[in-house]
Amino acid sequence: MTRQLRIAVIGAGPAGIYASDILTKADLPEPFESVSIDILDRDPTPFGLIRYGVAPDHPRIKEIIKALHRVMNNENIRFFGNVNYGTDLKLDDLTGFYDAVIFATGARRDRDLDLPGIDLDGSFGGADFVAWYDGHPDTSREWNFAPHAEQVAVLGVGNVGLDVARMLTKTAEELLVTEIPDNVHTGLATNATTDVHIFARRGPAQVKFTPMELRELSHSPNIDVIVHPEGFELDEGSMDAIRASKSQKLVVDVLQNYLAKEPTGAMHRVHIHFCQNPVEILGENGQVVGLRTEITQLDGTGNTKGTGEFTDWPVQAVYRAIGYYSDNLSGLPFDQVHGVVPNDGGRVLEVDGSPLSGAYVTGWIKRGPVGLIGHTKSDAAETIRLLMEDLDDLVAPENPELDAIERHFDTHGIEYTSWAGWEKLNEHEMSLGEGHAHDRERVKVVPREDMVRVARS
Ligand code: NAP
C-alpha cells in the first residue's frame with residue numbers, strides 16, 4: 001500500500017526551507033507516493049535570520065525571501081509558527097506524527113566571551129543588538145544607548161561586527177528608508193556614537209569580513225573608515241592566505257585602500273585596529289569606561305602570540321561580535337564546545353556515536369555558525385540525500401494524518417500561525433509602510449501578541 005512520507009522541519013529559516021525544497025523534488029521509492037512537509041518555527045513568522053539577522057540596510061540579501069516564498073507556496077509544504085520545540089512539542093510528539101524530523105534551528109545567541117568586565121553595563125552581545133534593531137519579538141523594545149557613549153568598541157572582525165559598526169554609525173534618518181520598526185528608529189535617534197573601534201586579534205589577512213560588505217561600509221556619507229597602520233602586518237603566513245583565497249585577497253585590497261585614504265570629515269568614523277587582543281573590559285561604578293587590549297604579533301602560521309604590551313582604549317560601550325551559538329535542543333545530544341548537534345553528514349548521532357533514527361540536522365545547527373546563506377543549500381542537499389538512503393529503516397509514525405499536528409496544538413492551547421497567517425501579516429506590514437510618513441516598503445510589527453493576532457485574524 002502506498003502512503004505519504006511525513007516530514008517535520010524545525011526552523012523556518014533558509015536552512016529549513018532549502019531542505020524542504022530539495023525534499024519536494026526528490027525521487028521517492030515505494031511505498032511513498034508523495035511527501036508532506038510541516039515546517040515549524042518558534043517565531044510567528046518564517047525566514048529566520050533573514051528576517052531577524054540580516055541588517056535592515058541589506059535589502060539585497062532580504063530579496064532571498066522572494067525565492068523562499070516560492071518554495072513555501074508548494075502545496076506539499078505547510079508552515080506552523082509560534083510553536084516552541086521542546087515545550088509546545090517534544091521529540092516524542094513529533095515521532096508520533098512524522099517519519100523523520102529535520103532540525104534546522106540555526107544559531108541566534110552570542111557566543112560567550114570569558115573576559116573580566118564582560119557583565120558591566122554598556123557591554124553588549126552583537127546578536128542581542130541585531131535582534132533589537134531587527135525587531136525580534138522576544139527582545140526589549142528599548143536599547144540602552146548610554147547618552148555619553150561616543151566611543152564604542154566592537155570585538156571581532158566578521159560580518160556581524162561590520163553590521164553592528166554600520167548600525168551604530170549610520171544616522172537614524174539614514175535608516176528610515178529601511179523596514180526598521182518605529183521603536184528602533186526612536187532608539188537609534190538617541191545613539192551618541194561618533195567613533196566605533198573594531199578590534200581584530202590577528203592581522204588583515206586573517207579577518208572574516210567578506211569584500212562586498214567591507215567595501216559597503218564607506219558607502220554612507222556619514223561614515224569615514226579609518227584603518228590604523230599599527231599591526232597592519234602581512235607576514236609570510238598572511239601572504240600564503242592571500243594566495244590561497246581570492247576573497248581574502250580582495251578583503252586585504254579593500255583594507256589597503258582604506259589605509260591609504262584620507263578621512264573626508266564625515267560625522268562618524270569606523271576605525272579598524274589589527275593585532276589587538278581584548279583582555280579586559282574596564283569599568284567604574286558598574287559601567288564600561290574602557291577596553292584593555294594586548295598587542296599581538298603574527299607567528300607566521302596565521303596565529304598570534306601576545307607581546308605583553310597593553311593599551312587602554314577609552315570607550316563607553318563594548319559590543320562583542322565574536323560569533324553565534326546554537327541552542328541546545330531537547331531530546332538531542334549537544335556538543336557544547338562547537339555548539340552543534342553531533343552528526344555525520346546530517347544524521348544525528350547519539351552519545352555512543354550511533355545514529356538517532358529519524359533525526360537529522362542541517363544549516364548552522366549541523367556545521368556551526370559559519371558561511372553565507374547560500375552555503376546552506378549544499379548542506380541541505382547532503383542531509384536530504386542521507387535521509388533518502390535511510391527511508392527503508394525509518395519507523396512509520398502512529399498518527400500520520402495531516403490534521404494530527406493541528407489537533408495537538410488545539411488540545412494544548414497553542415496559538416500557532418500558518419502560511420496564510422504570514423501572508424496576512426506580510427500585507428499588514430507593507431500597508432504600514434505605505435501609510436508611513438516616509439512611504440517605506442514595510443514597517444515590521446514587533447510585539448509577538450500583535451503578530452499572532454494579525455496572523456490569526
Ligand atoms: P565570524 O565570521 O566567525 O567572525 C567572528 C570574529 O570574531 C572573527 O574575527 C574572530 O576572530 C573573532 N573572535 C572570536 N573569538 C574572539 C575573541 N575571544 N576575541 C576577539 N575576537 C574573537 O562570525 P560572525 O561575524 O558572527 O558571522 C557569522 C556568519 O554569518 C559568517 O559566515 C558571516 O559571513 C555571516 N554573515 C554575513 C553577513 C552579510 O552581510 N553577508 C552579515 C552577518 C553575518 P578569529 O578569526 O581570530 O577567531
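Overview of values
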| quantity | calculated |
| --- | --- |
| Mean projection area, nm², convex hull over Cα of the stretch 222-324 | 8.5 |
| Listed residue (M212, S238, G308) projecting farthest to the positive dipole end of the stretch 202-338, Cβ model | M212 |
| Globularity index of the stretch 298-445, i.e. its alpha-carbon radius of gyration over 2.2 N^0.38 Å | 1.57 |
| Sequence of E415, E75 when ordered by accessible area, the most exposed leading, probe 1.4 angstrom | E75, E415 |
| Exposure rank, largest accessible area first [D38, D182; 1.4 Å] | D182, D38 |
| Summed side-chain charge close to S247 - residues other than S247 whose Cβ falls under 13 Å, Lys, Arg +1, Asp, Glu -1 | +3 |
| Distance (nanometres) between label positions extended 7 Å along Cα→Cβ at M267 and T307 | 3.6 |
| For the chain: Kirkwood Rh in Å [reciprocal of mean 1/r, alpha carbons] | 23.6 |
| Estimated dipole of the chain in Debye, rounded to 20 [Cβ of Lys and Arg +1, of Asp and Glu -1, Cα centre] | 900 |
| Gyration tensor verdict on the stretch 36-102 (Cα atoms; rounded if a/c is under 1.5, prolate if a/b is larger than b/c, oblate otherwise) | oblate |
| Projected label distance in nm at E423 and R3, using a 7 Å step from Cα toward the beta-carbon | 3.1 |
| Mean separation of Cα contacts under 8 Å (6+ apart) over length of the stretch 213-368, as relative contact order % | 16 |
| Computed over the stretch 312-457: relative contact order in percent, which uses C-alpha pairs under 8 Å that are six or more apart | 14 |
| Per residue convex hull volume, Cα atoms of the stretch 108-174, in Å³ | 117 |
| Percent antiparallel among DSSP beta bridges (both partners in the chain, rounded to 5) | 35 |
| Residues of the stretch 69-85 with amide N under 15 Å of a point placed 7 Å along Cα→Cβ from L402 | 73-80 |
| Separation of alpha-carbon centers, the stretch 93-172 and the stretch 376-430, rounded to whole Å | 27 |
| Base-10 log of normalised Debye intensity for the stretch 60-144 (one unit scatterer per alpha-carbon) at q = 0.12, 0.15, 0.19 Å⁻¹ | -0.63, -0.90, -1.13 |
| Residue-level accessible surface for R292, protein heavy atoms, 1.4 Å, Å² | 80 |
| Relative contact order (%) - criterion: Cα under 8 Å, at least six apart; region: the chain | 21 |
| Most to least accessible of K170, K90, K208, K261 (protein chains only, probe 1.4 Å) | K208, K261, K90, K170 |
| Convex hull projection area averaged over all views, the stretch 205-275, Cα basis, nm² | 4.6 |
| Overall form of the stretch 141-269 per C-alpha gyration tensor (a/c, 1.5; a/b vs b/c) | prolate |
| The stretch 278-334: equivalent-ellipsoid semi-axes (sqrt of 5 x gyration tensor eigenvalues, Cα, Å) | 29, 22, 8 |
| Reachable lysines, given that their alpha-carbon falls under 21 Å from the alpha-carbon of K170 and they are not under 8 places away in the same chain | K62, K261, K444 |
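The values are calculated or read from the model by the stated rules, or taken from the named source; none is laboratory data. Just so it is clear, the model here is predicted, and its values are computed rather than measured. For neighbour counting, all protein chains shown are included, and Cβ atoms are generated from backbone atoms with ideal geometry for every residue, glycine included. Heavy atoms of the whole protein, side chains included, go into the accessibility calculation; ligands, DNA and RNA do not. Shrake-Rupley method; radii C 1.70, N 1.55, O 1.52, S 1.80 Å.
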